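Scroll down for the structure; my scribbles are underneath it.
Just so you know, all these numbers are worked out from the coordinates, no wet-lab data involved. Everything numeric in this text was worked out from a predicted model, so none of it was measured. Virtual Cβ from ideal backbone geometry, glycine too; neighbours counted across all protein chains shown.
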Amino acid sequence: MKKVPKPYWREQVRYAYAYVMAAGLTFFAFALAQGNLLSGSVLAAVLLAAAAAQLYIQSRYFLHLDEKGELPKWRIQSYLFTWFTLLIIVVGSIWIMFNLDYNMMLSPNEMTDYMLEQNAKGF
Amino acid sequence: MNEAELTAHKHDKAQLGFWAYLMTDCMLFASLFATYMILRNNTNGGPAAHELFSLGFILVSTIILLTSSYMCGLANLALHHNRRKEFVVYLGATMLLGAAFLGLELYEFGHMIAEGHGPDASAFLSAFFTLVGLHGAHIAIGLLWAGVLVWALYRQGSNFDIKRKFGLFAIYWHFLDVVWIFIFTIVYAMGVAL
């Protein structure tokens with residue numbers, strides 16, 4: 001597939017657009033983190049959403065992952081696969097470690113008592 | 001295969017190899033992010049994230065790195081439109097801003113270590129220095145790489161295949177800014193606010 005090259009200024013405008021959007025999202029995240037508007041898990045969710053939006057903007061306009069006809073297919077496929085695997089690693093680790101923390105929050109003596117108690121119940 | 005096809009084929013292979021490296025690098029960062037998030041409350045009685053970080057300072061270095069990434073994109077664009085002079089200006093801006101970012105990071109690290117909050121102080125700080133320090137090391141290597149490109153371009157002139165080689169550098173540099181989005185959000189913004 002032979003592409004018609006876009007004019008120089010139009011491609012510059014694309015980059016400028018992405019830059020302004022990314023900077024805007026950064027300031028937005030900064031303002032939310034410094035202000036008192038939101039807190040707790042709502043704030044965490046909004047901050048992560050802003051990060052995801054910026055990830056989308058930068059992947060699309062800086063890494064050019066939207067140019068379907070021009071890029072080899074393996075690039076976008078491996079990118080999506082990487083994000084998929086990455087989420088499994090991060091979410092999975094946090095989930096497991098949180099449960100571990102929750103279940104292991106006993107002092108050594110308490111743990112011994114707890115285990116003896118469980119043993120007394122039989123297997 | 002004729003000469004042009006062979007070159008294109010070599011180009012494709014280099015791109016595939018480099019992309020595979022970036023994806024594995026993503027995995028490395030993902031593991032360190034997971035480690036950081038698990039250990040972030042294990043401060044060993046020392047200061048926590050919200051007592052250590054100044055978000056305003058980090059906002060400045062974040063914008064500097066984003067601008068550097070933007071300049072790198074413009075440099076790549078100028079190169080593909082054969083505007084060599086603009087390319088050199090944008091590349092210079094990319095490197096200067098990258099160096100400024102690295103300088104600010106080293107200042108922050110030096111300040112923290114001098115106050116006794118080095119990587120040996122707690123599990124939280126070990127995870128922090130590993131994650132953010134690895135990103136900083138990538139930036140330092142990127143600056144070295146850009147310097148080598150400039151040097152080779154200067155030495156070899158038009159014989160040097162700068163379009164292809166700078167294309168790979170541009171992907172690497174944009175990728176580092178993508179990683180930084182998450183360091184800014186998860187380590188700093190959430191560290192200060194949550």
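Could you work out the local net charge near B:Arg40, counting Lys and Arg as +1, Asp and Glu as -1, over the other residues with Cβ closer than 14 Å to its Cβ? Intermediate results must be reported in sequence, preceding the final value.
Details: positive: none; negative: A:Asp101, B:Glu51.
Within the 14 Å Cβ shell, the charges total -2.
The ranking of B:Trp180, A:Trp95 from fewest to most other beta carbons within 10 Å of each one's beta carbon is A:Trp95, B:Trp180. Once C-alpha pairs closer than 8 Å and six or more residues apart are averaged by separation and normalised to the residue number of chain B, the relative contact order reads 33 percent. Between the exposed loop cleavage positions of chain A, defined as trypsin sites (Lys or Arg not before Pro) in a non-H, G, I, E, B DSSP state with at most 12 neighbouring beta-carbon atoms within 10 angstrom, the longest gap is A:4-67.
Applying both filters, DSSP loop and at most 14 other Cβ atoms within 10 Å, to the GluC sites (Glu not before Pro) of the range B:42-139 gives B:Glu115.
Residues A:Met21, B:Met112, ranked from the fewest to the most other C-beta atoms within 10 Å, line up as A:Met21, B:Met112.
For chain A, what class follows from the C-alpha gyration tensor (a ≥ b ≥ c being the square roots of its eigenvalues): rounded when a/c is under 1.5, otherwise prolate if a/b is larger than b/c, else oblate? Kindly include the intermediate steps, with their values, before the conclusion.
Numbers: a/c = 6.80, a/b = 2.12, b/c = 3.21.
Oblate.
Anyone know which of A:Ala51, A:Ala31, A:Ala18 comes out most mobile in the 10 Å Cα GNM of chain A? Of A:Ala51, A:Ala31, A:Ala18, the Gaussian network model singles out A:Ala31 as fluctuating most. Modelled this way, with points 7 Å down the Cα-to-C-beta line, the labels at A:Ile96 and A:Gln34 are 4.0 nm from one another.
Among the residues of A:22-33, the average count of other protein chain beta-carbon atoms within 10 Å of the residue beta-carbon is 5. In chain A, Cα pairs under 8 Å separated by at least six residues give a relative contact order of 24 percent. Against chain A, whose longest principal axis is taken from its Cα atoms, helix A:108-120 shows a tilt of about 70°. The B:Glu115 and A:Gln77 beta-carbon pair, evaluated with R₀ = 51 Å, returns a calculated FRET efficiency of approximately 0.65. Treating the angle as unsigned and between 0 and 90°, give the value, to the nearest 10°, between the Cα long axis of helix B:55-80 and the longest Cα principal axis of chain B. Taking Cα atoms only, the helix is inclined about 10 degrees. Once R0 is set to 25 Å, what does the formula 1/(1 + (r/R0)^6) return for the Cβ-Cβ distance between B:Leu16 and B:Asn82, expressed as a FRET efficiency to the nearest 0.05? The pair B:Leu16/B:Asn82 has a calculated efficiency of 0.45. FRET efficiency for the pair A:Ala49 and B:Ser158, taken as 1/(1 + (r/R0)^6) with r the Cβ-Cβ distance and R0 = 45 Å, rounds to 0.45. Along the Cα-to-Cβ line of A:Val42, 7 Å from the Cα, sits a label point; which residues in the range B:179-194 have backbone N less than 16 Å from it? Output list for this probe position: B:194. Since only B:Ile162, B:Ala121, B:Ala93 are under comparison, the one whose Cα sits farthest along the positive direction of the charge dipole of chain B, derived from C-beta charges on Lys, Arg, Asp and Glu, is B:Ile162.
Legend: ranking of residues B:Val148, B:Val132, B:Val88 from fewest to most surrounding C-beta atoms inside 10 Å; resulting order B:Val148, B:Val88, B:Val132.
Comparing B:Ala93, B:Ala114, B:Ala30 in a Gaussian network model of chain B (Cα springs below 10 Å), the most mobile by mean-square fluctuation is B:Ala114. Taking B:Thr24, B:Thr35, B:Thr94 in turn, the Gaussian network model of chain B (Cα-Cα springs below 10 Å) assigns the largest fluctuation to B:Thr24. Principal-axis analysis of the Cα atoms of chain B puts helix B:3-39 at an angle of about 0° to the longest axis. By its C-alpha gyration tensor, with a ≥ b ≥ c as the square roots of the eigenvalues, how is the range B:1-137 shaped: rounded for a/c under 1.5, else prolate for a/b larger than b/c, else oblate? Verdict is oblate for the range B:1-137.
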